[in-house]
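**Student:** I am attaching a structure below and will ask some questions about it afterwards.
Rule-based calculations on the coordinates, nothing more; no lab input. Given the structure is predicted, the values throughout are model-derived calculations rather than measurements. So basically every Cβ, Gly included, is an ideal-geometry build from the backbone, and we count neighbours across all protein chains shown.
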Amino acid sequence: MRKLINQLLLEDKLLKTAAVIATVIVVYLSLKPPESDSESWSIFFIRGDLFLHFVCYFGLSMLYYLALLNYEKVVKKALILSVFIGFILEILQLIPIFHRFFDVQDLIANFFGTIAGIFLIRFLFSHSFKD
């Protein structure tokens, strides 16, 4: 089983395709106009959309880490890519045609999700990866 997991992790095409698909989904969800009847919600006293930003970038950073596993400085590249995408999407929300708005708290949630995702994957697989 461990050999199969290691083979999947080192397979470039599968994880890179998954990373591209996940990125496209994040871009779509970040830029699509909000529904007019959407109600605000919260989880553990945290605004619901901030929780979604955290979870989304948590998963995205882990996926980028795995997709870039065969490259040098994988932590730095996964971190920069996740933060860059989050920042660009927030800046794009300033454009009126998207009917969205820029929120610094979203950027902070993106960043913490990215950091948490990279730390978790480094912790879980620290014995398997070399940087």
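**Student:** Between Phe123 and Val55, what is the label-point separation in nm under the 7 Å Cα-to-beta-carbon projection?
**Tutor:** According to this spin-label approximation, the distance is 1.9 nm.
**Student:** Taking amide H positions as placed in the peptide plane 1.01 Å from N, state which residues far from Asp103 in sequence (5 or more) or on other chains have amide H under 5 Å from it.
**Tutor:** none
**Student:** Hand me the trypsin sites (Lys or Arg not before Pro) from segment 48-92 located in a DSSP loop with no more than 14 other Cβ atoms within 10 Å, in residue order please.
**Tutor:** Details: sites: Lys73, Lys76, Lys77; in loops: Lys73.
Answer by residue number: Lys73.
**Student:** Relative to the present Cα-Cα distance, how much length would full extension add between Ile115 and Phe98 at 0.36 nm per residue of separation? Don't skip to the end; give the middle numbers.
**Tutor:** Numbers: separation 17, 0.36 × 17 = 6.12 nm, distance 2.77 nm.
Using 0.36 nm per residue and subtracting the Cα-Cα distance, I get 3.3 nm.
**Student:** Go from 0 up to the bin containing the longest alpha carbon distance in segment 66-118, width 10 Å each, and give me the % of pairs per bin.
**Tutor:** For segment 66-118, the pair-distance distribution reads 25, 43, 24, 9.
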